[in-house]
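K.L.:
A single structure is presented below for examination.
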Amino acid sequence: MPFDGHSALLSTLRATDAQRRRALVVVAMSGVIFLALAPFAKVQLPQVSAFIPIYQSVLVVNDLITAALLFGQFRMLRSSGLLVLASGYLFTGLMAVAHGLSFPGLFAPSGLLGAGPQSTAWLYMFWHGGFSLLVIVYALRKDEARAVRTLRNPARFAILSAVAAVLLVVCGLTWLATAAQEALPSIMRGHRYTPVMLIVVSSVWALNLGALVALWRRRPHSVLDLWLIVVLCAWVFDIGLSAVLNAGRFDVGFYAGRIYGLLAATLVLVLLLLENSVLYARLVESRRAELLGLERLQQQSTELIATNNELESFSYSVSHDLRAPLRAIDGFALMLEEDYAARLDEEGKRFLSVIRSNSQKMGMLIDDLLALSRIGRQELSTGNVAMQSLVQEVIHEALDACGRPSAQIELASLPTVQGDHSLLRQVWRNLISNALKYTSRAQQPRIEVSGHRDGTEAVYCVQDNGAGFDMRYYDKLFGVFQRLHRDEEFSGTGVGLAIVQRIVKRHRGRVWAEGKPGVGATFYFALPAECGHD
């Protein structure tokens, strides 16, 4: 069975009860650690100069890889929600870069990018608030009533547009926090927080909680949704320790909060990487199964070709073996009729007539079955077929064979097409013979043969005034051994129309019919006319 990767992605795979329990355990453990550290959040610790660059570097790498993987899932699913979430992780990665560059004392005493004393703190607020807003948008996009909303634009254009928009927003917020920092309220005094900080960070914290609630309410949860909830819980603890409960930089809350943030950034990345490895393994297994299937198909094809050749030889052998006794039966019956007619009573003569009639029917059946079996095997010998002259020849042969020279057959102008002359002769012979055959002996046959061009097709028609047929049984009309008339007056093998349909289909054409009992029938067939001419 082919592997459907779309149904096994984190963003589409529904979370199981076991996964929910694991996520709950992770959140509970994080909550216990948060509660244990909260009373000590303001305890000042030594400044570790290497902490920030290591933390920021790992954070940037994690977020950018996560964004790339989510953009890859968007290319497969074209879900606008995934595009928003991927943009959110790209936003956090780029904001982490700006935050690290502006951090005082890291690359310059007051930070790079023209940063001032408020720049780094405000970039932290923009960073965490912006991601929460994008998660809220993602959650709204996943509303079940509007689920899996797809974009009409090509995926590459949508991704490039999202990247450009994120870059523009990050540059704008960075400019606002650095060059225009005087327009922002003062939230830092050295490495300590001002009273205004509590108001600003509470707003960011509320946004984070809002994103958590919005995501929780959008059900059913996918695996990605479930672990995003875990990430948002970690961010709640991150913001709480590093910006709400602590006093400033380099205290217990500062370090512990950022460790929470790092774990949150790493969690989704690890899951996506694990998912990609699983999907790749399944893809390899699916490809291996596909190759095995192709090998089996080739083997079966070789066996079918060999069987087909054997059947062809067998059919000719059976044809010869069956025709020989039939010729003997018919010949001896004819001799009895001619040489011993005077000695036979009426019942004996009737028996001989039945024997001869049935042996001839058997011969016709053998001929029809062999013709039907050859249609699918022999190559088409394509060339210009002058339908007008071909049908005239068939009409003369059919009239001689049925013994009804008084039948009225009107032949209109017929367009010429490209096709196999001998096979198309079989089509016309079956259709015209049927029109004559299924007309009562007490009725004068009237047959109209016509044709015309209809766009890219040449359409041909044979209309008669014979027995017709009931359209309720139309589905059986072109089946092998399907006869809609059981009257002894209308003899036949039930193979002729099946031969017509197969020949027309081999010419990339189509065949159909209309009929009404006691009124007559009309048979149509159409052939591609792009190679033909009138």
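K.L.:
Could you say whether any residue in the stretch 98-112 is surrounded by fewer than 22 Cβ atoms within 10 Å (Cβ to Cβ), under 38 Å from the mean Cα position of the chain (by Cα) and not charged (D, E, K, R)?
P.N.:
no
K.L.:
May I ask you to list the residues in the stretch 378-432 that are part of a loop (DSSP other than H, G, I, E, B) and among the small types (G, A, S)?
P.N.:
Residues satisfying the conditions are S381, A386, G403, S406, A407, A412, S413.
Yes or no, residue by residue, for (1) surrounded by 15 or more Cβ atoms within 10 Å (Cβ to Cβ); (2) hydrophobic (A, V, I, L, M, F, W, C); (3) free of Cβ contacts under 8 Å to residues at least 60 places away in the same chain:
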site	(1), (2), (3)
R14	no, no, no
P39	no, no, yes
Q47	no, no, no
P53	no, no, yes
T66	yes, no, no
G81	yes, no, no
A86	yes, yes, no
F91	yes, yes, no
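K.L.:
Here is a further query. For the stretch 161-188, name all the residues that are open to solvent by 30 Å² or more (accessible area, probe 1.4 Å) and among the aliphatic types (A, V, I, L, M).
P.N.:
Matches in the stretch 161-188: V163, A164, A165, L167, L168, V169, L173, L176, A179, A183, L184.
K.L.:
Scanning for something of a type outside the set (S, T, Y), modelled with pLDDT under 75, closer than 24 Å to G105 by Cα and assigned to a helix (DSSP H, G or I), does the stretch 274-285 turn up at least one residue?
P.N.:
Scanning the stretch 274-285 turns up no residue that is of a type outside the set (S, T, Y), modelled with pLDDT under 75, closer than 24 Å to G105 by Cα and assigned to a helix (DSSP H, G or I).
K.L.:
Do the conditions hold for L69, that is, is it assigned to a helix (DSSP H, G or I) and at pLDDT 90 or above?
P.N.:
Considered against the rule, which asks whether it is assigned to a helix (DSSP H, G or I) and at pLDDT 90 or above, L69 comes out as no.
K.L.:
A follow-up question, please. Which of the residues that make up the stretch 68-79 are touching a residue at least 60 places away in the same chain (Cβ under 8 Å) and of a type outside the set (K, R)?
P.N.:
L69, L70, F71, Q73, F74, M76, L77, S79
K.L.:
Then there's this: Have a look at A206, A234 and point out the one that is within 30 Å of Q44 (Cα to Cα), surrounded by 21 or more Cβ atoms within 10 Å (Cβ to Cβ) and hydrophobic (A, V, I, L, M, F, W, C).
P.N.:
A234
K.L.:
Would a scan of the stretch 74-89 turn up a residue that is among the aromatic types (F, W, Y) and modelled with pLDDT of 85 or more?
P.N.:
Yes, the stretch 74-89 contains a residue that is among the aromatic types (F, W, Y) and modelled with pLDDT of 85 or more.
K.L.:
If you don't mind, there's one more thing I want to ask. Looking at the structure I just gave you, is R288 modelled with pLDDT under 75 and either basic (K, R) or not in a helix (DSSP H, G or I) (or both)?
P.N.:
Considered against the rule, which asks whether it is modelled with pLDDT under 75 and either basic (K, R) or not in a helix (DSSP H, G or I) (or both), R288 comes out as no.
K.L.:
Could you say whether any residue in the stretch 469-487 is aliphatic (A, V, I, L, M) and at pLDDT 90 or above?
P.N.:
Scanning the stretch 469-487, I find no residue that is aliphatic (A, V, I, L, M) and at pLDDT 90 or above, so the answer is no.
K.L.:
Determine whether the stretch 441-455 contains at least one residue that is aliphatic (A, V, I, L, M) and surrounded by fewer than 19 Cβ atoms within 10 Å (Cβ to Cβ).
P.N.:
yes
K.L.:
Something else: Of the conditions (1) part of a helix (DSSP H, G or I); (2) in contact with a Leu (Cβ under 9 Å, 6 or more places away or on another chain); (3) not β-branched (V, I, T), S57 satisfies every one except a single condition; which number is it?
P.N.:
(2)
K.L.:
What do you reckon, is G419 of a type in the set (G, A, S), open to solvent by less than 40 Å² (accessible area, probe 1.4 Å) and more than 25 Å from K516 (Cα to Cα)?
P.N.:
It is true that G419 is of a type in the set (G, A, S), open to solvent by less than 40 Å² (accessible area, probe 1.4 Å) and more than 25 Å from K516 (Cα to Cα).
K.L.:
Go through the residues of the stretch 57-68 one by one and say whether even a single one is of a type in the set (A, V, I, L, M) and closer than 19 Å to R249 by Cα.
P.N.:
Checking the stretch 57-68: at least one residue is of a type in the set (A, V, I, L, M) and closer than 19 Å to R249 by Cα.
K.L.:
If you check Y55 against the conditions, is it modelled with pLDDT under 85 and within 18 Å of L263 (Cα to Cα)?
P.N.:
So Y55 fits the description; yes.
K.L.:
Does at least one position in the stretch 4-27 carry a residue that is among the β-branched types (V, I, T) and more than 25 Å from L245 (Cα to Cα)?
P.N.:
Scanning the stretch 4-27 turns up at least one residue that is among the β-branched types (V, I, T) and more than 25 Å from L245 (Cα to Cα).
K.L.:
Looking only at the stretch 433-454, count every residue that is outside any helix (DSSP H, G or I) and more than 44 Å from the chain's Cα centre (by Cα) and tell me the total.
P.N.:
12
The values are calculated or read from the model by the stated rules, or taken from the named source; none is laboratory data. These numbers were taken from a predicted model, which means no experiment stands behind them. Neighbour counts are summed over all protein chains in view; Cβ atoms, including those assigned to glycine, are modelled from backbone coordinates with ideal geometry. Note: areas computed on protein heavy atoms with side chains; ligands, DNA, RNA excluded. Shrake-Rupley method; radii C 1.70, N 1.55, O 1.52, S 1.80 Å.
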